[in-house]
1. For residues in segment 97-115 being out of contact with any strand residue (DSSP E or B) (no Cβ under 8 Å at 6 or more places or on another chain) and not in a strand (DSSP E or B), which is nearest to Pro38 (Cα to Cα)?
2. Within the bounds of segment 43-53, is there any residue that is in contact (Cβ under 8 Å) with a residue 12 or more places away in the chain, more than 21 Å from the chain's Cα centre (by Cα) and open to solvent by 70 Å² or more (accessible area, probe 1.4 Å)?
3. Sort out which residues of segment 71-83 are of a type in the set (Val, Ile, Thr) and without any contact (Cβ under 8 Å) to a residue 40 or more places away in the chain, and write them in order of number.
4. On the given criteria, is Arg141 part of a helix (DSSP H, G or I) and either within 28 Å of the chain's Cα centre (by Cα) or within 19 Å of Glu27 (Cβ to Cβ) (or both)?
5. Which residue, of Leu55, Leu60, is in contact with a strand residue (DSSP E or B) (Cβ under 6 Å, 6 or more places away or on another chain) and part of a helix (DSSP H, G or I)?
6. Open to solvent by 100 Å² or more (accessible area, probe 1.4 Å), assigned to a helix (DSSP H, G or I) and free of Cβ contacts under 8 Å to residues at least 60 places away in the same chain: which single residue out of Lys174, Lys125, Lys68 fits that description?
7. For Phe116, state whether it is of a type outside the set (Ser, Thr, Tyr), surrounded by 18 or more Cβ atoms within 10 Å (Cβ to Cβ) and over 21 Å from Leu47 (Cβ atoms).
Amino acid sequence: MKKFSNVSIWLMFLLPMTTLLAQNIQENERTMSQGSKPGFAMNVSDLDAKETERLWIDYLKDSKAKTKKDRKTNEVFADDASVPAISSNLMDIYATFTERNKQTEIIVWVDLGGAFLARRQHPDKIDAFEQWLSEFGRRARVRKIELEQEAEELVFKDQKKEFDKLIKEEERMKKEIADAEQRINQAKKELEVNNANQGNRRQEMERQQMKIQEIEAKKKRVE
């Protein structure tokens, strides 16, 4: 009974999340390279069109599709995509990416082989498709966080570079101070020697002056 209760609580948490993701996916008839077809739109916040498109192409690698971009229609075309959760058959998937107001709108069309995926015509496939598309939305949010982290790491890298520069400057200044102190100590020693030499020289001068005075006195006596 307790186990059933825990599972029930988990399902109560999961179902609103699934519903919320599904509500973010809008189906509309839209014009694309194959004509007017039912397409599914989903917004990816705070991720530019170029990064969203790159992430989408990477996401399609799991489907083993041959992916290319048509420069004329601006569509990313995935040929013979395999997504068993949606269909046991291979599919062709088309997608466009439009950036506006700090978010990218991705529109996806799925050619099931003779018909394009639509909610009314394919109710048995739509839930699996929306979960598949929502998984891409989750990966886009993860990528957004990774880009934020990379940006902050670049800021930290610049800060560390400036910090290391300050450390080097500190080491240089300390060395200059140590060199200056060494020169000062050397100068003090030389000053002491100089003072001693001055004392010796003063004594020699005094003795010499006394000799001169004695000679002058001797000269006066002779005169």
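The values are calculated or read from the model by the stated rules, or taken from the named source; none is laboratory data. All values derive from a computational prediction rather than experimental measurement. Backbone-built Cβ (ideal geometry, glycine too); neighbour counts: all protein chains shown. Side chains included, ligands, DNA and RNA excluded: accessible areas come from the protein's heavy atoms. Shrake-Rupley method; radii C 1.70, N 1.55, O 1.52, S 1.80 Å.
1. Ala115
2. Yes - at least one qualifying residue is present in segment 43-53.
3. Selection gives Val76 alone.
4. When the stated conditions are applied, Arg141 passes them.
5. Working: Leu55 fails: in contact with a strand residue (DSSP E or B) (Cβ under 6 Å, 6 or more places away or on another chain).
Criteria check complete, one pass: Leu60.
6. Criteria check complete, one pass: Lys174.
7. Here the answer is yes, as Phe116 does meet what is asked.
Yes or no, residue by residue, for (1) assigned to a helix (DSSP H, G or I); (2) open to solvent by 80 Å² or more (accessible area, probe 1.4 Å); (3) modelled with pLDDT of 95 or more; (4) in contact with a Leu (Cβ under 9 Å, 6 or more places away or on another chain):
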residue	(1), (2), (3), (4)
Asp158	yes, yes, yes, no
Asp164	yes, no, yes, no
Arg201	yes, yes, no, no
Arg221	yes, yes, no, no
